[in-house]
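Chemist: The structure under discussion is supplied below as structure tokens; questions concerning it will follow.
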Amino acid sequence: MLTEQERARYNRQIMMPGWDEAGQEKLKNAKVMVAGAGGLGSPVLTYLAVAGIGKIRVVDCDVIELSNLNRQMLHPDSNIGKLKVESARERIEALNPDITVETVNTKITDGNVLDLVEDYLIVDAMDNLQARYCLNKASLERSLPLFHGAVYGLEGRVTTILPGETPCIRCLYKDVLPGTPPVVGVTPGVIGCIQATEVLKYILGMGKLLYNRLLIFDGLNTIFNKVKIKKDPNCDACGSSV
Ligand SMILES: [Zn+2]
């Protein structure tokens, strides 16, 4: 049962056809891990928090630097030097004190990823392929959906991975891009919002998810392209030979 306060807080989304109080209960009982409290993590965490996801786990290993602030809008200038997970917790709890925020200040590795993920839905809000491979491993081993987003300059990509049904991260990405990529803050804003939308739809069982499709946002020309993607039968992580 929702409390009176929850009914009031979520009133406008409960009005959505197919959402209802039962849907809001599903969000309240949901557990989501957001890997990365940076450019993508900022909008993902913000919108999952205000939507009422009951338990949000934030994993990051960095402190806030001045050069982060053009895109990582969860963090105020006054928090430079603080741990990103602590700054994220402050902001999320201020936005919605009715939810539980768990923070883990650690680098995600093959060795710890299963313990970090447990049975939480996984949002890939990372900025490097090594960490994405770790999340991919947990997603495949635990059969948990992985909500992937990536940005470069004014271009972004987003897809929803369902183990066994869709390509995995290793089917999609083989090579690490060298160097530090440019990023304009609006790009993770757009992509992170779509990732959060996918998470909500998945939990609510609403609409059509971005399965087997990569949505590519070309911000320079304001174009969204949705391209079909296929499992790689020879994929090291999910291929038929594994
Ligand atoms: Zn694969």
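Chemist: Among the residues of region 17-39, is any in contact (Cβ under 8 Å) with a residue 12 or more places away in the chain, over 17 Å from L200 (Cβ atoms) and acidic (D, E)?
Modeler: Checking region 17-39: not a single residue is in contact (Cβ under 8 Å) with a residue 12 or more places away in the chain, over 17 Å from L200 (Cβ atoms) and acidic (D, E).
Chemist: Here is a further query. Of the residues K208, K231, which single one is within 18 Å of S139 (Cβ to Cβ), among the basic types (K, R), at pLDDT 95 or above and over 15 Å from the mean Cα position of the chain (by Cα)?
Modeler: Unique residue meeting the criteria: K231.
Chemist: Among the residues of region 47-90, write down those that are surrounded by fewer than 16 Cβ atoms within 10 Å (Cβ to Cβ) and among the polar types (S, T, N, Q).
Modeler: S67, N70, S78
Chemist: Look at T159 and say whether it is within 16 Å of the ligand (Cβ to nearest atom), in a loop (DSSP other than H, G, I, E, B) and either crowded, with 21+ Cβ neighbours inside 10 Å or among the aromatic types (F, W, Y) (or both).
Modeler: Here the answer is no, as T159 does not meet what is asked.
Chemist: Quick one: how many residues across region 141-156 are within 16 Å of the ligand (Cβ to nearest atom) and in a loop (DSSP other than H, G, I, E, B)?
Modeler: Final tally of qualifying residues: 3.
Chemist: Taking region 1-32 as the region of interest, how many residues are surrounded by fewer than 23 Cβ atoms within 10 Å (Cβ to Cβ), in contact with a strand residue (DSSP E or B) (Cβ under 9 Å, 6 or more places away or on another chain) and not charged (D, E, K, R)?
Modeler: Residues that pass the stated criteria total 2.
Chemist: Looking only at region 48-105, filter to residues that are hydroxyl-bearing (S, T, Y) and in contact with a strand residue (DSSP E or B) (Cβ under 6 Å, 6 or more places away or on another chain); which one of those is farthest from N128 (Cα to Cα)?
Modeler: T100
Chemist: For residues that are touching a helix residue (DSSP H, G or I) at 6+ places or on another chain (Cβ under 8 Å), outside any loop (DSSP other than H, G, I, E, B) and away from the ligand (no atom under 16 Å from the Cβ), tally how many sit in region 162-190.
Modeler: Residues in region 162-190 being touching a helix residue (DSSP H, G or I) at 6+ places or on another chain (Cβ under 8 Å), outside any loop (DSSP other than H, G, I, E, B) and away from the ligand (no atom under 16 Å from the Cβ): 2 in total.
Chemist: Has region 131-140 got at least one residue that is more than 23 Å from K208 (Cβ to Cβ), assigned to a loop (DSSP other than H, G, I, E, B) and out of contact with any Cys (no Cβ under 9 Å at 6 or more places or on another chain)?
Modeler: no
Yes or no, residue by residue, for (1) within 16 Å of the ligand (Cβ to nearest atom); (2) surrounded by 11 or more Cβ atoms within 10 Å (Cβ to Cβ); (3) assigned to a strand (DSSP E or B):
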{"site": "Y202", "(1), (2), (3)": "no, yes, no"}
{"site": "L215", "(1), (2), (3)": "no, yes, yes"}
{"site": "N221", "(1), (2), (3)": "no, no, no"}
{"site": "K230", "(1), (2), (3)": "yes, no, no"}
{"site": "C235", "(1), (2), (3)": "yes, yes, no"}
{"site": "G239", "(1), (2), (3)": "yes, yes, no"}
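Chemist: Another question about this same structure. From the list G39, G52, exactly one residue is within 17 Å of N96 (Cα to Cα) and of a type in the set (G, A, S). Which is it?
Modeler: G52
Chemist: Within the set of pairs 6 or more residues apart or between chains, which connect a residue that is over 19 Å from G192 (Cβ atoms) and of a type outside the set (A, V, I, L, M, F, W, C) inside region 127-142 to a residue that is modelled with pLDDT under 95 and buried (at least 23 other Cβ atoms within 10 Å of the Cβ) with Cβ atoms less than 7 Å apart?
Modeler: none
Chemist: Right, here's the next one. Please find, within region 104-146, the residue that is nearest to R57 (Cα to Cα) out of those that are among the polar types (S, T, N, Q) and surrounded by fewer than 20 Cβ atoms within 10 Å (Cβ to Cβ).
Modeler: N105
The values are calculated or read from the model by the stated rules, or taken from the named source; none is laboratory data. Here the structure is a predicted model, which is why all the values come from computation and not from measurement. Cβ: placed from backbone, ideal geometry, glycine included. Neighbour counts: every protein chain shown.
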